[in-house]
1. Pull out all pairs, ordered by first then second residue, where Cβ-Cβ is under 9 Å, the residues are six or more apart or on different chains, the first lies in region 282-295 and is touching a residue at least 60 places away in the same chain (Cβ under 8 Å) and among the β-branched types (Val, Ile, Thr), and the second is surrounded by fewer than 19 Cβ atoms within 10 Å (Cβ to Cβ) and assigned to a strand (DSSP E or B).
2. When you check Val322 against the structure, is it β-branched (Val, Ile, Thr), buried (at least 23 other Cβ atoms within 10 Å of the Cβ) and in contact with a strand residue (DSSP E or B) (Cβ under 9 Å, 6 or more places away or on another chain), yes or no?
3. Might you check whether a residue that is at pLDDT 95 or above, touching a strand residue (DSSP E or B) at 6+ places or on another chain (Cβ under 9 Å), aliphatic (A, V, I, L, M) and within 19 Å of Met262 (Cα to Cα) occurs anywhere in region 137-158?
4. Sort out which residues of region 151-175 are in a loop (DSSP other than H, G, I, E, B) and either touching a Phe, Trp or Tyr at 6+ places or on another chain (Cβ under 6 Å) or under 24 Å from Val73 (Cα atoms) (or both), and write them in order of number.
5. Counting only residues that are of a type in the set (Asp, Glu) and surrounded by fewer than 24 Cβ atoms within 10 Å (Cβ to Cβ), which one in region 122-159 is farthest from Phe331 (Cα to Cα)?
6. Assess whether Thr242 counts as being within 30 Å of Ile155 (Cα to Cα) and among the hydroxyl-bearing types (Ser, Thr, Tyr).
7. Scan region 161-194 residue by residue and report those that are at negative phi, exposed (fewer than 15 other Cβ atoms within 10 Å of the Cβ) and among the small types (Gly, Ala, Ser).
8. For region 244-264, does any single residue satisfy the condition of being part of a strand (DSSP E or B), of a type in the set (Ser, Thr, Tyr) and either touching a residue at least 12 places away in the same chain (Cβ under 8 Å) or in contact with a Gly (Cβ under 6 Å, 6 or more places away or on another chain) (or both)?
Amino acid sequence: MITTSFAFQAALSRMLLVSGCVATWLMLAVTSPVLAAEGAPEKGITYKNDRIESAPWSVHVVKVPRNDPTLEVRSTLARETVLGLSRVSDQALDVPSSVGTPLAGVNGDFYEREGSRYAGDPRGLQIVEGDLVSEPTGNSSYCAFWIDADGNPHIDDVVPQFKATFPGGKSFKFGLNEERGSGSVVLYTSTLGKATRASGGRELVLEKADGGSWIPFRIGETYTATVREANEAGNSRLDKSTVVLSFGPRRAADLPAIEAGMEITLSTASTPNLRSARAAISGGSIITRGGKKTKIQEPRNSSSLNSYSVRSMFERHPRSAVGFSKTHIFFATVDGRQRGLSVGMTLEELGAYMAKIGCEEAINLDGGGSATFWYRGRVVNSPCDGSERTVANGLLVIRKPVTAPGSPK
């Protein structure tokens, strides 16, 4: 059993990147589940690699006690931008020491894959340290996990009610940091990247009425914005002092007359109200409810029954999940597509497994080649692609820094 420290692993990773030997280290880290320090002492959290030979299944589980104030669950964003992809292990290494020490992590939401102009865009809700970076879908097939201001976890469908209201009362619903269609309206913040990437239509560059920064951009708030300028060319620049309200060509025709200095109200309300939520991430279906597996329903629309997204819910694949009970938060990943090791689970099988280990509420996260479980400095599961895939975001358990008595917090 190897018990190499996280600090040593981080230093080794950076050293190998410089020396050009990173491929060898990654092969060892990804293809050697025996490196996992099952049961190794780590105050507060527990890790287990549960092997069930009858299927076979190999499941990796971390339990995080909710009553430990030194532990915190955070969502991470690849490369700190919506349009970015990176490995969960890199997202852990990117956590500043001033924030804390990452102990465990799992991959997060489904996302736009490479080849899209908005590759890396999470498909649902994400909040990173209070900053709303991606909107909820409002689709009951994609639910969300979030941590409220008091540190309590929740799982539910989150319905956005985002709207921009102009003088005179005309209002427009808007999306957030996503690809904009010709008939839609999208608000872009600097967390997206350097520019909106949208073309055509009309873009309004907005300053905060009080002259402050737009980051963090929070859910459940009402903002007053001032029009700095209108841009007909698209691809407006983004920085922390501005947001851009981008209208597709068909929606731009409905705009009232625009003047510099005009005030617009932006609302980021949602149902339920997530105001002051500090971390959130979307996934797929609710798989465990009230301590029991949920029945996964096929859609009524027969045309979608043969789509992979529907068909795969009832097939065995690698999967990740997050959930909670009254006493713990759970991260889980089941390996799959590896007959000698683990065949994977259906959504209902994963829901039943989460209930069996004491989880009362759970959602599935992205699965397949994205399913990744990181623990104490290394990937401990066996990704079905043979190596760790880059993903849009993740969830980490952080040990917060110790504050000396009398020191400012």
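The values are calculated or read from the model by the stated rules, or taken from the named source; none is laboratory data. Bear in mind that the values here come from a model prediction, so they are computed numbers and not experimental data. Note: ideal-geometry Cβ built from the backbone for every residue, glycine included; neighbour counts use all protein chains shown.
1. Cβ pairs passing all conditions: Ile286/Asp156.
2. Numbers: β-branched (Val, Ile, Thr): yes; buried (at least 23 other Cβ atoms within 10 Å of the Cβ): yes; in contact with a strand residue (DSSP E or B) (Cβ under 9 Å, 6 or more places away or on another chain): yes.
Answer is yes for this residue.
3. no
4. Let us first name the residues in region 151-175 that are in a loop (DSSP other than H, G, I, E, B), namely 151-152, 157-158, 161-162, 166-170, 174.
Selection gives Gly151, Asn152, Asp157, Val158, Phe162, Phe174.
5. Quick first cut of region 122-159, residues of a type in the set (Asp, Glu) only: 129, 131, 135, 148, 150, 156-157.
Within this subset, residues satisfying the condition of being surrounded by fewer than 24 Cβ atoms within 10 Å (Cβ to Cβ) are 129, 131, 148, 150, 156-157.
Details: Glu129: 19, Asp131: 23, Asp148: 18, Asp150: 20, Asp156: 17, Asp157: 19 Å.
Among those residues, the one meeting the criterion is Asp131.
6. Values: within 30 Å of Ile155 (Cα to Cα): no; among the hydroxyl-bearing types (Ser, Thr, Tyr): yes.
When the stated conditions are applied, Thr242 does not pass them.
7. Ser171, Ser182, Gly183
8. Of the residues in region 244-264, the ones part of a strand (DSSP E or B) are 244-247, 263-264.
Those left that are additionally of a type in the set (Ser, Thr, Tyr): 246.
Subsequent filtering for residues that are either touching a residue at least 12 places away in the same chain (Cβ under 8 Å) or in contact with a Gly (Cβ under 6 Å, 6 or more places away or on another chain) (or both) retains 246.
So far as region 244-264 goes, yes, one or more of its residues are part of a strand (DSSP E or B), of a type in the set (Ser, Thr, Tyr) and either touching a residue at least 12 places away in the same chain (Cβ under 8 Å) or in contact with a Gly (Cβ under 6 Å, 6 or more places away or on another chain) (or both).
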